[in-house]
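Asker: Just passing along the structure, written as structure tokens.
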């Protein structure tokens, strides 16, 4: 049972509400003797930070991580690393008018019925603000894996579908991804995406997205049958991100349409290296990493907080209407990229340590 | 860490290899005083059983469940329920010729590299034979939920896509699903599917499938933020089934294409009942059940064991070719229906008990 | 795996080092809608606080708990409660001179060999300062149980042995326990204990203690076979407290000397109430609470940090000697009373919630 | 939550009732490529087996372990090892007369109130028969540790107190322990113990015992702060054994009486080896193994099933009397020796694997 804890050996626990004084994260099980500083973690934090472009929420948060424990003389000690991020720009007044209404597509209704109480300010605990804590944990996982495996280990995410617009994966340009506000890997799509998203925002609407994650340099053997399969844990991790409704590993849902010949990846030995002729498996066979790139994608639904008027009920069970004002991302999927990367890094480090324990 | 155990309060542990003397399952955390017999469990077992039609593997297994503990005078006692299923028709000789080769699309390569040893007979532990144990556990979960919630609780799965052939969901006929060998909900599709699958088999090939699960009668409030979300646990459960590569909740991957207005389900109070005007959320908001039907779908890749010759390597790292003979399902997706139902039932009961503990 | 997390449904995770900026605790799985304030928690905190009498460490810590999340309008919301306690009076300089030596009886040697690094300042993570976080978690558990069970629920601890001096349990006076600096239940022993402990301190030495915990008002049925027995979890909880080396349930180690007739508690129905004629079982039969008072006792070894010179080795493996200066409790056992109470409350609430989930 | 499962990486789950068809155990997380046979396991099983001498229960059980999975060509594969032990000599009729009465000192009363149902035959699940499964798991743990650490690894238990009779630990003779029916380490005590126990049995009574466990060859670094301390896990493991009421690590409860100087073990470097001048810590400092022998002892209460008449109530809440006939051990503590060894081996292997995962 671990409502707010993720992981088995490398574990993190997050806490905090959108409009509380702070949010934070405890990382437990981090290997000792790894160089680690707040600055290292901040690099990943800045990729998720709101208010950076006109395409994301205008809430201004420095999202500065402060480490409170677990580091001694610049190195991890193997004891829990406590990190805190102060909330600086929460505007609770924006939520006064809707505090008794259940926003469609949000967890307002289910939280209230489950707990009989909820912090309505900015969604409270259900807010995607919680994901800042995950990015902090993921940054640590990434740094540890780069130390344990080497620099060939690399996890990158990209938006491959923005609402109704795809991109051409043949134009994939790794270096461009983090240099445009959409994490788009195809330079040629950026302009169109920009126009489209501005139109969506202007219309008081929102759109969804598909994010693809690639993990390179992952050793063979991570993952464990039957219920700790690597893909099973990745699916769980990605589906735990706010607004995610679908997860694919490799060919994913499309594998249903393939024949056995097309789908299963043939294996070759080429100058002493094992090579697969394709990667429909997404780098995972029987729940265990094969040494190929791990490839996973996930769909983020359109932001539920929109200006356009919608039907709903209130706490007393009366029919009413709602228009959600405030500062919202027209496409929350964009900011899901660093979150997806973070979750992937955490799952991989966890399985790396588990495998070391299990198989030595 | 629970390699072969699934669940938190309602937990099951499976064991056994495809060609060992038996396989089995321990169900722990089952509530006491529930009437339960081997006969009750057998109903679900029979739906998964191989050799029932010409569209599934011809391996003949009675899959008769024997209960060894946890039941007293016809009722559960709250202590672990141990179930055993003897393997009766394993033909290990079929695997002699390929014991040193890694079958593409299978876990042969990854198991061998991870463990340095593997039981090659019928895939050993990686065989889908393990899923018989899950169906036994799921049958118990189903019976318990029917007792706790009432008969309105119902979980059914159907194949909605067979390889390249879809079906018309508008023709959905609940009663027909379990009366055709494909678990197809659309009577009009059955004939075509039959022809198609026979052709696939005759060609020595295989095809994938998409299965949709529906759970009706699930109370509001199951699921828990943040890392024990109901959808997160369903995704993990379904992705742990052999050959599954993608999981959707509600609108799933398609939600990326929708606008905020179309996607988020509006809420209405109609004659004192809460009604949603659509169900893109698949019955889950913020990881917690909303009282709507839970809807999840998942893709099963085409059977990797095919007659057609494929390239691979052997244990010594030499290039070679392989043709997998033996008795294989041309579409393993069909038999995934009762397995998906079983996993759904287990997740729901687990969260039912957790919610009872947590929120009283 | 949960190095720094305790519990199953009601879970807490602690973090922080003795001489870091702060320590803290995340409580997860707390039931919703319970009135809770920092003030409520502070009552228990003050019982553990150092510097209150001349018989404990002179380190001055206000040990003021600040709640950062999980409370809304004065009530728990079911989301994680993050608490922080700032370190105010750490004097790291005291430890400079011994930073390369391993203090006998402390974890200096084992931490260093396990992790290859350790925060030597005040013992770092191995310091009993961590237990302040436990008391905060325990205070919440106590409040929740009082709400769920009623005021008849009561956990109290007392020192029943101070070094070589026992007390007369026949003089047990519940009300006196928290009114003397030794948590001694026998008024007549206090004076002698005072003299004894002053002499111990003056001699630059230290002594151990035995603490007895009593939990009244615990309902029948808490605990679960086989490996989640209530006594098994209590033993684990108490043995996890710094310096604890022995745990008894009921008659404990003495039960070895009793005959079957003397030991097993006979049962009587008296005016419709179930009564036991004795309580050698300590209120637990087969790992499950019987409705009698839960009684557990534990031994705390003498403080290892003493002035008197001792032999040891340093980080380089050279033989050396050590005298530990600084501000140390002559008997850490005294301050273990509120910690023991806290752990008992956490175990009981955890099992209360588990039982509710399991048996409805 | 793991009612019937023990361990974190090396995990075992037991099932079965005293008078059911069989009992059994699933071992999960066992490292691969370890030679293992039923014969190896049987050695430990035979030490616990009833009916071997006139000093234990006359129930005749071969306690023959049958392995059903997880072994391939004589070696572990890393997949779950399922073991089954058939019950052969259960005499349920013995229990007919007392099926509605709650035996004092047993879990009859608490099981019935918790679950509302119980298998009264031989105590059902609460029977110490369950411990046969633990011995099977422990035998595997022992074999794995001998492979991983080498033959210097050795866990042995001995009865050091039989009821009111102690033994002289100065006469400790390791080789004699397993050659007398009492697991007594002091040859000179055996005769007296024999007379005493025969008298106890003849009187229709029973007595308790204290067992001491010693683990030699344990590497430094096993155990983890704060709530996975090695001693905390040992305490939990031993307290989970039927009838155990007290657990000591090293000096244990006696450490309360010692001074800081006497208690804390001084450290010396002698010809490049780290040596401790005493072992009051029982080989564990701050929850982590120090390389010294791990020493733990535990008290087993006298058998509650005695012939002599006792007062109790029945299921209807009426006062009544009971005399428990059948075949009972006059001192269950004796047969607790191999069970204690088994639990110790399991805890140590679990921590060995955890430490490998955590610290590489």
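The values are calculated or read from the model by the stated rules, or taken from the named source; none is laboratory data. Here the structure is a predicted model, which is why all the values come from computation and not from measurement. Virtual Cβ from ideal backbone geometry, glycine too; neighbours counted across all protein chains shown.
Asker: So, in the range D:310-330, exactly how many residues are within 8 Å of chain C (Cβ to nearest Cβ) and either out of contact with any helix residue (DSSP H, G or I) (no Cβ under 9 Å at 6 or more places or on another chain) or part of a loop (DSSP other than H, G, I, E, B) (or both)? Reasoning before the result, please.
Answerer: The initial filter retains those residues of the range D:310-330 that are within 8 Å of chain C (Cβ to nearest Cβ), namely D:310-313, D:317-319.
Next, only the ones that are either out of contact with any helix residue (DSSP H, G or I) (no Cβ under 9 Å at 6 or more places or on another chain) or part of a loop (DSSP other than H, G, I, E, B) (or both) stay: D:311, D:317-319.
Count: 4.
Asker: Next question, about the same structure. For the range B:165-202, which positions are surrounded by 13 or more Cβ atoms within 10 Å (Cβ to Cβ) and outside any helix (DSSP H, G or I)?
Answerer: Once the filter is applied, which keeps residues that are surrounded by 13 or more Cβ atoms within 10 Å (Cβ to Cβ) and outside any helix (DSSP H, G or I), the range B:165-202 yields B:165, B:166, B:167, B:172, B:173, B:180, B:181, B:182, B:183, B:184, B:185, B:186.
Asker: OK, next. Within the range C:42-75, how many residues are under 18 Å from residue C:133 (Cα atoms) and within 11 Å of chain A (Cβ to nearest Cβ)?
Answerer: 6
Yes/no per residue for (1) within 11 Å of another protein chain (Cβ to nearest Cβ); (2) buried (at least 21 other Cβ atoms within 10 Å of the Cβ):
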site: B:96; (1), (2): no, no
site: B:100; (1), (2): no, no
site: B:109; (1), (2): yes, yes
site: B:112; (1), (2): yes, no
site: B:125; (1), (2): yes, yes
site: B:138; (1), (2): no, yes
site: B:143; (1), (2): no, yes
site: B:146; (1), (2): no, no
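Asker: Every residue in the range A:50-77 that is under 17 Å from the mean Cα position of the chain (by Cα) and modelled with pLDDT of 85 or more, please.
Answerer: The answer is A:63, and nothing else.
Asker: Could you check the range B:76-94 and list, in sequence order, the residues that are in a loop (DSSP other than H, G, I, E, B) and away from every other protein chain (no Cβ under 14 Å)?
Answerer: Filtering the range B:76-94 for residues in a loop (DSSP other than H, G, I, E, B) gives B:77-80, B:87-91.
Across the range B:76-94, the qualifying residues are B:88, B:89, B:91.
Asker: Of the residues that sit in the range A:95-115 and are touching a helix residue (DSSP H, G or I) at 6+ places or on another chain (Cβ under 7 Å) and modelled with pLDDT of 95 or more, which one is nearest to residue A:316 (Cα to Cα)?
Answerer: Initial filter on the range A:95-115 (touching a helix residue (DSSP H, G or I) at 6+ places or on another chain (Cβ under 7 Å)): A:95, A:102, A:105-107, A:111, A:114-115.
If we keep only those that are modelled with pLDDT of 95 or more too, we end up with A:102, A:105-107, A:111, A:114-115.
Numbers: A:102: 11, A:105: 19, A:106: 18, A:107: 17, A:111: 15, A:114: 15, A:115: 16 Å.
Checking each candidate, the answer is A:102.
Asker: Same structure again: Go through A:201, A:178 for me and flag whichever is under 28 Å from residue A:129 (Cα atoms), within 12 Å of chain B (Cβ to nearest Cβ) and under 23 Å from the mean Cα position of the chain (by Cα). Break it down into steps so the answer makes sense when it comes.
Answerer: On the way: A:178 fails: within 12 Å of chain B (Cβ to nearest Cβ).
From the options A:201, A:178, the qualifying one is A:201.
Asker: Additional query: Name the single residue, out of those in the range D:257-268 being out of contact with any helix residue (DSSP H, G or I) (no Cβ under 7 Å at 6 or more places or on another chain) and not in a loop (DSSP other than H, G, I, E, B), that is farthest from the other protein chains (Cβ to nearest Cβ). It would help to see each step written out before you state the result.
Answerer: If we filter the range D:257-268 for residues that are out of contact with any helix residue (DSSP H, G or I) (no Cβ under 7 Å at 6 or more places or on another chain), which is where we start, we get D:257-262, D:264-266, D:268.
This time we only want the ones that are not in a loop (DSSP other than H, G, I, E, B), so: D:257, D:259-262, D:268.
Working: D:257: 6, D:259: 5, D:260: 4, D:261: 6, D:262: 8, D:268: 6 Å.
That would be D:262.
Asker: Quickly run through the range B:269-280 and pick out the residues that are surrounded by fewer than 17 Cβ atoms within 10 Å (Cβ to Cβ) and assigned to a strand (DSSP E or B).
Answerer: Result: B:269, B:270, B:273, B:275.
Asker: Take the range C:35-50 and flag every residue that is touching a strand residue (DSSP E or B) at 6+ places or on another chain (Cβ under 7 Å) and buried (at least 19 other Cβ atoms within 10 Å of the Cβ).
Answerer: Residues of the range C:35-50 touching a strand residue (DSSP E or B) at 6+ places or on another chain (Cβ under 7 Å): C:35-36, C:38.
Listed by number, the list holds a single entry, C:36.
Asker: Still on this structure, I have one more. Hey, among A:118, A:134, which residue is closer than 29 Å to residue C:31 by Cα, in contact with a strand residue (DSSP E or B) (Cβ under 8 Å, 6 or more places away or on another chain) and at pLDDT below 95? It would help to see each step written out before you state the result.
Answerer: Details: A:134 fails: at pLDDT below 95.
When all the criteria are applied, what remains is A:118.
Asker: Scanning the range A:281-309 for residues that are modelled with pLDDT of 95 or more and surrounded by fewer than 24 Cβ atoms within 10 Å (Cβ to Cβ), which turns out farthest from the other protein chains (Cβ to nearest Cβ)?
Answerer: Selected residue: A:293.
Asker: Scan the range D:284-302 for residues that are within 21 Å of residue C:232 (Cα to Cα), in contact with a strand residue (DSSP E or B) (Cβ under 8 Å, 6 or more places away or on another chain) and outside any strand (DSSP E or B) and jot them down.
Answerer: Across the range D:284-302, the qualifying residues are D:287, D:301, D:302.
Asker: Scan (1) under 12 Å from residue A:82 (Cα atoms); (2) more than 17 Å from the chain's Cα centre (by Cα) for the single condition residue A:13 breaks and write down its number.
Answerer: Against the list (1) under 12 Å from residue A:82 (Cα atoms); (2) more than 17 Å from the chain's Cα centre (by Cα), residue A:13 comes up short only on (2).
Asker: Can you pull out the residues in the range D:226-255 that are part of a loop (DSSP other than H, G, I, E, B), more than 7 Å from every other protein chain (Cβ to nearest Cβ) and touching a strand residue (DSSP E or B) at 6+ places or on another chain (Cβ under 8 Å)? Step through it out loud before you land on a result.
Answerer: Residues of the range D:226-255 that are part of a loop (DSSP other than H, G, I, E, B), as a first pass: D:226-227, D:229, D:240-243, D:250-251.
Subset that is more than 7 Å from every other protein chain (Cβ to nearest Cβ): D:241-243.
Within the range D:226-255, D:241, D:243 qualify.
Asker: Would you please name the residue that is surrounded by the fewest Cβ atoms within 10 Å (Cβ to Cβ), looking only at residues in the range A:314-360 that are without any contact (Cβ under 8 Å) to a residue 24 or more places away in the chain and within 30 Å of residue D:28 (Cβ to Cβ)?
Answerer: Among them, the one singled out is A:360.
Asker: With respect to residue C:92, determine if the residue is modelled with pLDDT under 95 and farther than 30 Å from residue C:141 by Cα. Step through it out loud before you land on a result.
Answerer: On the way: modelled with pLDDT under 95: yes; farther than 30 Å from residue C:141 by Cα: yes.
For residue C:92, the condition - modelled with pLDDT under 95 and farther than 30 Å from residue C:141 by Cα - is met.
Asker: Continuing with the same structure: Among the residues of the range D:12-41, write down those that are in contact (Cβ under 8 Å) with a residue 24 or more places away in the chain and part of a strand (DSSP E or B).
Answerer: D:12, D:14, D:15, D:16, D:22, D:23, D:24, D:25, D:26, D:27, D:28, D:35
Asker: Condition (residue is surrounded by fewer than 17 Cβ atoms within 10 Å (Cβ to Cβ), outside any helix (DSSP H, G or I) and at pLDDT below 95) applied to the range A:211-219: is it met by at least one residue?
Answerer: No, the range A:211-219 has no match at all.
Asker: Shifting gears a bit: Exactly one of (1) in a strand (DSSP E or B); (2) crowded, with 24+ Cβ neighbours inside 10 Å is unmet by residue B:133. Its number?
Answerer: (1)
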